[in-house]
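In what follows, a single structure is set out as structure tokens and then discussed.
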Amino acid sequence: MRILLIEDDPFLLVSVQKALTALGYSIDVACDSLEGRYLATEGNYSLVLLDVALAGPDLTVLQAIRRSKQTPVLMITTRDKVEDRLKGLQLGASDYLAMPFSELALQVRVQAILERRMPPETSRLGLADLEVDILRRQVARQGVSIKLSPNEFALLAELLQHAGKTVSRGALAQRVWHTSLDNESNALEVTVRRLRKKLDDPFDTKLLHTVRGVGYMLADRE
């Protein structure tokens, strides 16, 4: 697997390369945001490690990656505020790793992200008139293609793999945002609302249901 590291700190470059090459990964390095953006959007990587300091205003490098790729992005940051993390996660970051961190912490986080991207036994899932291709990240109802953001797709895929069962708010936060969302955060609710607008509003049969006080369920029922 090839990993792209977008980082300009010499010490951190050496540390990260050492930790990840020890696991057998091939590491490409970009030392500025312009080169990093080009490689991330034009290259073929299993994972991008992006220093927040090089991500640009409003995380423009992350947004550029998300517009063209589904490559997971692990953000490296000195900022550990909930609002900073939520902003990146809402824009499509897979996870955050706050500095300073140990080589072991980096290895565990990288392996966890890559394991989540392993394809399921079947790439096609369905419910009623909903069809989802997990590998191609394609969604359709009644043959009509539905375009979803990375977080919307991840949420749908998680609920679909547990169709007919309630998935708790906490479980969805961990599996989609890979973090425990703050009690005051409405990131999950916002994503559910956007997903419902695309998935259910144009159709008579509603599939996405709220289980009050618990979580959400994808089911073919009223």
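The values are calculated or read from the model by the stated rules, or taken from the named source; none is laboratory data. Predicted model, so just to flag it, every value in this text is computed and none were measured. Note that we place each Cβ from the backbone using ideal geometry, even for glycine, and neighbour counts take in every protein chain shown.
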Given (1) surrounded by 18 or more Cβ atoms within 10 Å (Cβ to Cβ); (2) touching a residue at least 40 places away in the same chain (Cβ under 8 Å), number of the condition Ala30 does not satisfy: (2)
Selection count where residues are out of contact with any helix residue (DSSP H, G or I) (no Cβ under 6 Å at 6 or more places or on another chain) and over 17 Å from Lys69 (Cα atoms), scope region 1-22: 14
Qualifying residue in region 141-153 (condition: without any contact (Cβ under 8 Å) to a residue 40 or more places away in the chain and part of a loop (DSSP other than H, G, I, E, B)): yes
Boolean, Leu49 is at pLDDT 90 or above, part of a helix (DSSP H, G or I) and of a type outside the set (Phe, Trp, Tyr): no
Test: residue in region 7-22 that is on the phi > 0 side of the Ramachandran plot and either hydroxyl-bearing (Ser, Thr, Tyr) or not in a loop (DSSP other than H, G, I, E, B) (or both): no
Residue within region 107-123 that is within 20 Å of Val52 (Cβ to Cβ), among the hydroxyl-bearing types (Ser, Thr, Tyr) and touching a strand residue (DSSP E or B) at 6+ places or on another chain (Cβ under 8 Å) present: no
Candidate set from region 7-47 (those that are over 20 Å from the mean Cα position of the chain (by Cα) and of a type in the set (Asp, Glu)); member that is farthest from Ser102 (Cα to Cα): Glu35
Subset of region 5-24 that is touching a residue at least 60 places away in the same chain (Cβ under 8 Å) and either closer than 15 Å to Arg109 by Cβ or in contact with a Leu (Cβ under 7 Å, 6 or more places away or on another chain) (or both) - its residue that is surrounded by the fewest Cβ atoms within 10 Å (Cβ to Cβ): Ala22
Residue in region 65-77 that is farther than 23 Å from Thr191 by Cβ and not assigned by TED's automatic domain parsing to the domain that holds Leu188 present: yes
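To keep it simple, each residue is scored yes or no on (1) at pLDDT below 90; (2) farther than 19 Å from Lys87 by Cβ; (3) in a helix (DSSP H, G or I).
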position: Glu131; (1), (2), (3): no, yes, no
position: Ala171; (1), (2), (3): yes, yes, yes
position: Thr179; (1), (2), (3): yes, no, no
position: Gly213; (1), (2), (3): yes, yes, no
Subset of region 63-107 that is more than 19 Å from Leu155 (Cβ to Cβ), hydrophobic (A, V, I, L, M, F, W, C) and touching a helix residue (DSSP H, G or I) at 6+ places or on another chain (Cβ under 7 Å) - its residue that is surrounded by the fewest Cβ atoms within 10 Å (Cβ to Cβ): Leu97
Qualifying residue in region 53-67 (condition: under 27 Å from Gln174 (Cβ atoms) and outside any helix (DSSP H, G or I)): yes
Test for Gly56: is it within 22 Å of Pro100 (Cβ to Cβ) and among the small types (Gly, Ala, Ser): no
